[in-house]
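Q: This structure is in structure tokens; I'll ask about it shortly.
What follows draws every value from the coordinates through simple rules; no lab data is involved. None of these values were measured; they are calculated from a predicted model. Reconstructed Cβ throughout: ideal geometry from the backbone, glycine too, with neighbour counts over all protein chains shown.
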């Protein structure tokens, strides 16, 4: 998992700029990014790599999507929503997410 090589679209001097076919620069509106370092268990790292391969995205993109989903679920549960999964046979199970 080489995050620096996979996730960095350009160096700091060119980030946020895009070249048109005529060679001129134009500003591209990109969200600010922060670089963080995390340690994952072997199984978590394998899961990240598996999902990255399955969806043809970088490891970093898998983590960004996971954070977005976690935030969405957290916000909804905080508002009183109940999280349920419906199985293919139509059964519905409530899911309890615990925070410590």
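Q: Take peptides 40-49, 86-95, 57-66 and line them up by average Cβ neighbours within 10 Å, highest first, as a rough protection proxy. Before the final figure, lay out the partial values.
A: Numbers: 40-49: 12.0, 86-95: 7.6, 57-66: 16.1.
Descending packing order for the listed peptides: 57-66, 40-49, 86-95.
Q: Pulled fully out, how much extra length does the chain show between residue 46 and residue 27, if you take 0.36 nm times their separation in residues and subtract their Cα-Cα distance? Each step should come with its number before you reach the end.
A: Numbers: separation 19, 0.36 × 19 = 6.84 nm, distance 3.68 nm.
Between residue 46 and residue 27, full extension yields an extra 3.2 nm.
Q: With label points built 7 Å along Cα→Cβ from the Cα atoms of residue 57 and residue 73, find their separation and express it in nm.
A: Label-label distance for residue 57 and residue 73, simple model: 1.5 nm.
Q: Label points 7 Å out from Cα along the Cβ direction at residue 97 and residue 64: separation in nm?
A: Computed distance between label sites residue 97 and residue 64 equals 2.0 nm.
Q: Please give, to one decimal in nm, the separation of the simple spin-label points placed at residue 83 and residue 34, each 7 Å out from Cα toward the Cβ.
A: For residue 83 paired with residue 34, the spin-label model returns 2.2 nm.
Q: Hey, what did the stretch 39-100 get for relative contact order, percent, Cα under 8 Å, at least 6 apart? Mind dumping the intermediate values first?
A: Working: 27 pairs, mean separation 9.7, N = 62.
The value is 16 percent.
Q: Sorted from largest down, give the three principal axis spans of the alpha carbons of the stretch 39-100, whole angstrom values.
A: 32, 31, 19
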